[in-house]
Amino acid sequence: MNVSRPGVLPQGADSLARYRSLLEPALREAVGALHPWGARMAAFTLGWSDVDGSPRQGGVGKGVRPALVMLSAEAVGGSAESALPGAVAVELVHAFSLAHDDIIDRDELRRHRAALWKAYGVGPALLTGDALLALAVGQLAGRPEAMPYLSAALMELVQGQTADMAFENRPWRGPGEVTVDEYAEMAAGKTGGLLGAAAAAGVALGGAPELAGRMWDMGRDLGVAFQIADDILGIWGDPRLTGKPVHSDLRREKKTLPVLAALAGGGPAARELSDLLVSGVDGEESVRHAAHLVEAAGGRAGAEDLAQRYVTAALGVLDECLPDAADLRALCGSLVHRAS
Ligand SMILES: CC(C)=CCC/C(C)=C/CC/C(C)=C/COP(=O)(O)OP(=O)(O)O
């Protein structure tokens, strides 16, 4: 079921809309503390205004992380409102990380619009990312039950992003090639850290801090699945739904899971793909051929399978910790079967 705009999650969409409507005023209030120029750039990147500052309807992200915070809080008997500082904090950290990531990757398009750096320049985009991060920390400064998870997530994010960048200097084959296990560790940090923090902060703010450690682990597994789904969408997704150009990871020869899984398959398509990557993907025809080879070598199926295994592990933890949390379970289960 798709509601309200293209690209929302197939399941849990109604609840995401409910949580987004709680989130947006709180985010606006937080951003209101910034210097007017910073507030304008933050409003652009969060989706309430165009580049010139004129207002536009609604936010732009799916709001998965804040929904995870609020659903986790509700699952332990707390209210979504009680968990709002955590929800705001994770969405601000997410927005910070996207702003910086787009600079690092030189990605010009994000969420159907210009990336923040493309709209305002690299310096201002860096600074806006910093401002969002500072606001996030401020949200949880007085909440010792949740703050450790945010601070752990920040370290995970940076470590995972660094590992991902370091992969670029590794060979495609032979000694030093990137393994699927290394990829999973990178994704557990880069993407899982914040999902882990969302789930852990949610139960902590909802009144069950004793569950936070297990929810952190659950969120990290979920993050690996989420990142694999992101990699899959980067090759086979519909740009009208993802809001990003297709094949950009392949064009940049990034070591995404579908490519690693294809290479690990070892058949004729895997060998041809390996040769192509070693000689360099050059030009649009070559990029399309690489995408074809990844699929032919089983990279898509392998990636889908691994994502499903990580989601199943995450759901197993949820079933043990919070067996009655149907909405939370639906959200987590839907994160791998998404169109954007
Ligand atoms: C330190 C640093 C720069 C870290 C970068 C970490 C990073 C960008 C990880 C990617 C995470 C990811 C899959 C984002 C898309 O989320 P989404 O599909 O929920 O996006 P949405 O909010 O647009 O829906």
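Since every read-out is calculated from the coordinates, none of them should be taken as a lab result. Since the structure is predicted, the reported quantities are computational estimates derived from the model, not experimental observations. Here Cβ is always computed from backbone atoms with ideal geometry, including for glycine, and neighbour counts include all displayed protein chains.
Okay, here's what the table says:
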item: 0 to 90° range, to nearest 10: angle between helix 192-205 axis and the chain longest Cα axis; result: 20 degrees
item: Acute angle (nearest 10 degrees) that the helix 64-75 long axis makes with the longest principal axis of the chain, alpha-carbon atoms; result: 50 degrees
item: Radius 12 Å from Cβ of ILE104, net charge of other residues (Lys, Arg +1; Asp, Glu -1); result: -2
item: Choice from MET147, MET215, MET70 showing the highest fluctuation, given a GNM over the chain with Cα pairs closer than 10 Å; result: MET147
item: Volume of the Cα convex hull of the chain, divided per residue and given in Å³; result: 123 Å³
item: ASP181/SER82 FRET efficiency (R0 35 Å; Cβ-Cβ; nearest 0.05); result: 0.40
item: Anisotropy class of the stretch 55-214 from Cα gyration tensor, a/c 1.5 cut; result: oblate
item: Potential lengthening between LEU109 and ALA33 on full extension [0.36 nm per residue; Cα-Cα distance subtracted]; result: 24.6 nm
item: The chain - mean residue ellipticity at 222 nm from DSSP helices (-39,500 (n - 2.57) per run, n ≥ 4, rounded to 500); result: -22000 deg cm²/dmol
item: In nm, spacing of pseudo-spin labels at ASP52 and THR162 (7 Å Cα→C-beta vector); result: 4.4 nm
item: Potential lengthening between LEU126 and ALA301 on full extension [0.36 nm per residue; Cα-Cα distance subtracted]; result: 59.3 nm
item: Top of LEU68, LEU98, LEU150 by mean-square fluctuation, Gaussian network on the chain, Cα under 10 Å; result: LEU98
item: All lysines inside 24 Å of LYS62 as judged from Cα atoms, apart from same-chain residues fewer than 8 positions distant; result: LYS118, LYS190, LYS244
item: Chain lengthening between SER151 and HIS289 when straightened (0.36 nm per residue, less Cα-Cα); result: 45.5 nm
